[in-house]
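FYI, it's all coordinate maths here, none of it is from the lab. Bear in mind the structure is a predicted one, so any value in this text is a computation, not a measurement. Glycine gets a Cβ as well: all are built from the backbone with ideal geometry, and neighbour counts include every protein chain shown.
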Amino acid sequence: MAKQTLAFSCSACGASHKKWAGRCDACGEWNSIQEQAPLAAGPKGKTIGATKGRRIELSDLTTKDAPLPRANCGIEELDRVLGGGLVPASAILVGGDPGIGKSTLLLQATARFAMTGKKAIYVSGEEAASQIRMRAQRLGLTKAPVQLASETNLRDILTTLEAEKPDLVVIDSIQTMWADHIDSAPGSVSQVRAVAHELTTFAKSRGVAVILVGHVTKEGQIAGPRVVEHMVDTVLYFEGERGHQFRILRAVKNRFGPADEIGVFQMTGAGLEEVTNPSALFLSDREKPAPGSVVFAGIEGTRPLLVEIQALVAQSALANARRTVVGWDSGRLSMILAVLESRAGLSFAGMDVYLNVAGGMRISEPAADLAVAAALISARQDTSLPGDLVVFGEISLSGGLRPISQAEARLKEAMKLGFSGAFAPSRMKLASTSGMTLKKVNDVATFIADCFGDIEA
Ligand code: TYD
Ligand code: MG
């Protein structure tokens, strides 16, 4: 038998290590490496010549073998993020910081799902059944035919599920569950992996949709949801700033639908409410045009979304000027600053730069480059751009603007919200832009000249 060498793993990212170290070199997390119970040995006996696995020709699959249709869970934003509803026999991981609203969202989803006549079980390892009931009362869901269980032993849970044959199971949270054949504490990497493995196998073999809740953890003792990302079909993250009421559900992996799709919710006194027109919500706090504020017409998943980008540029008292970014990539900010300096002669040396995406939104699209550049210049020059203007376009290192996808959808959304002007890269074919004044620009320098006139370097 091969010698078992795997003994340590990182509780943040799940990377395996041969020996203990203070810092995981895979994800850079400190103090996250834990000793792991060795993996259980596989079935003993000959490797070759054992019973044959069954194989099927793809063309032999008949409609009888086709998977069951998706089931809507009744919350439209959640269904969209899932790619059009829950796929039976699939495992879904919902990760997020503690207290962000995962239990609230899933209790609401299970209740709505149960109200469609299907069977749903909500298993909580964190709250007693009476506490879940209290939450349901607050959410106005006491009438929903959801079955509640307060249980942490995996064997008991699986026995119950086997007997009850539900259509949907929610496990809240994976870190509180424990499998009794694993010799370590609940929440450790080995436990979390074993529990996730058993539950995904259960989902596949019994045709049940299983939702696993995973807390994103800061300290190393408890394994984070990333440890099981590879085992499940769909990974959703629930994010948002504590101080804001907006919550964003983002698909980062989806075997049955598009990744990068987002659903927007608002936390209210009576639970999470869906936000069907997020652009209007993200721009609702916007006052009159101010220096450093620019509206970016973005696309999140399949949906256009307008967000405000805010910048502040101030003289720095520090030897190394500060660069602070919230909601965007800091490497990308450095790149834009470098392009502005070398291609347009605008230096930010000796100035502190702060960049913020309003409303707690996080943008990863390169199409935001031009809007960020506009916000930075507007803040530096202390001049505001017209309030009815949206900006989008990717900036290349040469200072040129590259065409981006779905420009029509972006413009349409902007028009719907009362914007009448837009700046966009010139090398783009647009079918119709009636109702919008579209200014096409070739490079950053032209954009600056068009937008801000002559600027002193
Ligand atoms: P919760 O769903 O318990 O978070 P998680 O399961 O992700 O740890 O949400 C907890 C937070 O949500 C808590 O700070 C209170 C807030 N909340 C509301 O604002 N309104 C509500 O109706 C509910 C149920 C919770
Ligand atoms: Mg919870």
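Restricting to the chain, compute how many DSSP beta bridges are antiparallel as a %, nearest 5. Each step should come with its number before you reach the end.
Values: 40 of 79 bridges.
Expressed as a percentage, antiparallel bridges in the chain total about 50.
Taking only the alpha-carbon positions of the stretch 70-275 and ignoring solvent, what does the Debye formula give for the base-10 log of I(q)/I(0) at q = 0.11, 0.15, 0.19 Å⁻¹?
For the stretch 70-275 at q = 0.11, 0.15, 0.19 Å⁻¹, log10 I(q)/I(0) is -0.45, -0.88, -1.53.
Points 7 angstrom from Cα along the Cβ direction at Ser342 and Lys416: gap in nanometres?
4.0
By how many degrees, between 0 and 90 and to the nearest 10, does the Cα long axis of helix 407-416 differ from the longest principal axis of the chain?
80
What per residue convex hull volume, in Å³, do the alpha-carbon atoms of the stretch 228-335 yield?
179
Using a 10 Å cut-off around each Cβ, can you sort Lys253, Lys165 from fewest to most neighbouring Cβ atoms? Present the calculation step by step, with values, prior to reporting the outcome.
Working: Lys253 15, Lys165 11.
Least crowded to most crowded, the residues run Lys165, Lys253.
A 20 angstrom limit on the alpha carbon distance is what I want to check against. Which of Lys165/Lys204; Lys288/Lys439; Lys288/Lys440; Lys118/Lys165; Lys118/Lys143; Lys416/Lys439 exceed it?
Working: Lys165/Lys204 13 Å; Lys288/Lys439 22 Å; Lys288/Lys440 25 Å; Lys118/Lys165 11 Å; Lys118/Lys143 15 Å; Lys416/Lys439 18 Å.
Lys288/Lys439; Lys288/Lys440, as the Cα separations exceed 20 Å there.
What percent of all Cα-Cα pairs in the chain falls into each 20 Å bin, going from 0 up to the bin containing the maximum distance?
Reading the bins upward from 0: 22, 46, 29, 4.
Give the residue from Gly240, Ala259, Ser188 lying farthest towards the positive end of the charge dipole for the stretch 166-272; charges sit on Cβ (+1 for Lys and Arg, -1 for Asp and Glu) and the dipole is referred to the Cα centre.
About the Cα centre, the residue reaching furthest to the positive side is Ala259.
What's the percent breakdown of Cα-Cα distances in the stretch 281-452 across 10 Å bins, shortest bin first?
Calculated P(r), rounded to whole percents: 11, 43, 37, 9, 1, 0.
Under 5 Å between amide hydrogens, which residues at least 5 positions from Leu306 or on another chain qualify, with H placed 1.01 Å from N in the peptide plane?
Ser279, Gly298
Counting only residues 5 or more places away or on other chains, whose amide H sits under 5 Å from the amide H of Ile211 once H atoms are built in the peptide plane?
Correct list: Ile92, Val169, Val170, Ile171.
Would you mind calculating the relative contact order of the chain from Cα pairs under 8 angstrom and at least 6 residues apart, reporting the percent as a whole number?
Values: 952 pairs, mean separation 56.3, N = 457.
Across the chain, relative contact order equals 12 percent.
Just grab the label-to-label distance for Asn277 and Thr159, each label 7 Å out from Cα along the Cβ direction, in nm (one decimal).
Label-label distance for Asn277 and Thr159, simple model: 5.4 nm.
For the chain, with only Lys/Arg (+1) and Asp/Glu (-1) charged at the beta-carbon, what is the dipole magnitude about the Cα centre, in debye rounded to 20? Don't skip to the answer; put the middle values down first.
On the way: 49 positive and 48 negative charges, 248 e Å.
Dipole of the chain, to the nearest 20 debye: 1200 debye.
Tilt of helix 330-344 relative to the longest C-alpha principal axis of the chain, in degrees (0 to 90, nearest 10)?
Orientation of helix 330-344: about 20 degrees from the principal axis.
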